[in-house]
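To keep things clear, I will list the structure first and then write my remarks on it.
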Amino acid sequence: MGTNYIYKTSFVFKLKWCRILNYWSERNISGPKPIPLFGNNLTLLLKPSSVVDMEWFNSYGRLYGVYNCDKPSLLVSDAALIKQIMVEYFHAFTNRPNALQDEMTVNTVIHARDGHWKRLRTIISPTFTSGKLKHMYPLIDECCGDLLAALDRQVSANNNTGQLRPTQVELKQLMNAYSMDVIARTAFATKINLYFDQNNPLLNKSLLYVTNQFSIRIWHKILAMILPTFITDTICWKWLITGGGPPVTTSLIAIARRLLAERKTSAQKHHDFLQLLIDAKAEVVDDSNTETTGADTEADDKLIAESRALSGLVGKKLTEVEILAQSALFFTVGYNNTSTTLSYCTYELAVNPDIQDRLVAEISAAYNENTADIDYDTLWLRLPLLDAVVSETLRRYPPVYRIIRQASENVVLTTGGDGLQAMIEKDFIVEIPVYALHHDPDYFPDPFAFKPDRFLPDNRHNIKPYTYMPFGVGPRNCVATRFAMLELKLTMVKMLQQFRFYRVPDTDVPPVLMIGREDLQAKRVVVGADSDK
């Protein structure tokens, strides 16, 4: 009896998984071979995510199917199909898949769905116009001053000991402290200085939070699909996926809640992100200075799709919960992405000294070296190589390695000319492997070389629309793109006015990426730094 039961159970198990894992092959779509229960997720625990996506791209092309445990997911890196997903059929791909359903998560502009997202996006978008960012500019500039002082202390201490120059610097540690400082200053009008104390509880909690967010997310995703809900709905499960104890966002939300209460009774006005959210209301945004990343047709498509997606709303303000949720999101998205991008950008200049020399010359020509003031307009308009260097860094090391959307209805995607076609059923997942897209040699020749010139004004038109998307494209692209670019550009200019960076024996070329993470995190990013003064 027991043996028959085992045989029957085994047969049912095999039959079920045979049916599930033949989904893509039955539709003539190739892809990596899945494993029952786990699908293709185990591969991501054995190699860096970027390496996995490149291997799959090289083996199966720009359209292939994978399995998140028992759920089929289509990976798309064809420009024509990406345009359909992100713009033409945006109404069917508005949402990201459901995340953890806590109150703060569902109220963020990243995870909100349908009409709720539409309302949040319409209200929050005016917060990041050029006029508003100019008010935040001095706050970021102050943070840059503290960063330069911290770096100068490291270089001076090394010189005082008589050691050989340049000074070896672990960029990620330095940029982590800087990124946290910018968030505290621009989001909450709070001044902190973490450079003196690398054991600061806030910094360590932030590092732990970011590490847990990315390193256990794959395991969490796998286990959440396999385990029954009576386990995943428990307090123990929630404790496990947060890494044990409340994340740093809990502390930030507490700070934001206290400041929110104070500002209700205060007549003083601030120019931080929290105040902008308090004052925000739905309105039509016409930011004529908005930059584009590719051909004009991509910008036009985005404006048309965005107008349709965000139309029909009356002016409303954010609730207190929504304000707190965006404040936490500002940290979650900005902290690690900014520090990582700055680390890689500085690293690339160190290993490409000719590009660093050209950029230093451009900065010197644009600014009077006798003054420390760098005005907002010059930063945007008179430094094309700086924009190209930052853009190329974001191509080589995109902040998000995949963009994910969930279909709200059945949609047929087709490129027409080369015959790529796929039927996406309602509730199914579509993923755009951004790293693989950015390293497609047909779209970016010599893709693993750092070549900022491809983003210079005279060459940028050669970039095919919908192939470069470090911040996404379409109506649901990153709402804080301009803020991120402002922070990245200003920081690089300030550092290069005072320091030069060099490759040293401990510099890993190329960077050694960490395994089991859903971002391009290197084990370390080490360069040499020396004062130019």
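The values are calculated or read from the model by the stated rules, or taken from the named source; none is laboratory data. Please read these numbers as outputs of a predicted model, since none were measured by experiment. Quick reminder, even Gly has a Cβ in these numbers, built from the backbone with ideal geometry, and neighbours come from all protein chains shown. The accessibility values were calculated without ligands, DNA or RNA, using every heavy atom of the protein model including side chains. Shrake-Rupley method; radii C 1.70, N 1.55, O 1.52, S 1.80 Å.
A few comments on the model shown:
- For region 415-533, the Stokes-Einstein estimate of translational diffusion at 37 °C and a viscosity of 0.692 mPa s comes to 180 µm²/s, using the Kirkwood hydrodynamic radius over alpha-carbon pairs.
- Area accessible to solvent at residue 43, 1.4 Å probe radius, in Å²: 50
- Probe 1.4 Å - accessible area at residue 358, Å² to nearest ten: 100
- Applying 1/(1 + (r/R0)^6) with r as the Cβ-Cβ distance of residue 270 and residue 321 and R0 = 25 angstrom yields a FRET efficiency of 0.75.
- Amide hydrogen proximity for residue 527: with H placed 1.01 Å from N in the peptide plane, the residues at 5 or more positions away or on another chain lying under 5 Å are 169, 171.
- Residue list for region 478-503, given a label point 7 angstrom along the Cα-to-Cβ vector of residue 365 and an amide N cut-off under 19 Å: 493-494, 496-498
- Taking amide hydrogens as placed 1.01 Å from N in the peptide plane, the amide H of residue 95 sits under 5 Å from those of 406, each at least 5 positions away in sequence or on another chain.
- FRET efficiency, residue 103 to residue 45 (Cβ-Cβ, R0 30 Å, nearest 0.05): 0.45
- Across every direction, the projection of the convex hull enclosing the Cα atoms of region 322-392 has a mean area of 6.3 nm².
- Applying the Karplus relation 6.51 cos²θ - 1.76 cosθ + 1.60 with θ = phi - 60° to region 450-456 yields 3J(HN,Hα) values of 8, 10, x, 4, 5, 9, 5 Hz, where x marks Gly and Pro.
- For trypsin sites (Lys or Arg not before Pro), the sites in region 425-495 that DSSP calls loop and that have at most 15 other Cβ atoms within 10 Å are 426.
- By definition, a body whose alpha carbon gyration tensor gives a ≥ b ≥ c is prolate when a/c is 1.5 or more and a/b is larger than b/c, and region 349-472 fits this prolate description.
- Net lengthening on full extension, residue 512/residue 33 (0.36 nm per residue, minus Cα-Cα): 169.8 nm
- Computed accessible area, residue 88, all protein chains, 1.4 angstrom probe, square angstrom: 90
- Heavy-atom accessible area order for 345, 18, 478, largest first, 1.4 Å probe: 18, 478, 345
- Computed from the C-alpha gyration tensor, the three semi-axes of the ellipsoid equivalent to region 390-444 are 26, 16, 6 Å, from longest to shortest.
- Sequence-ordered 3J(HN,Hα) estimates for region 330-347 from the Karplus curve with 6.51, -1.76 and 1.60 and θ = phi - 60° stand at 4, 6, 3, 7, x, 4, 6, 4, 5, 5, 5, 5, 5, 5, 5, 5, 5, 4 Hz, glycine and proline given as x.
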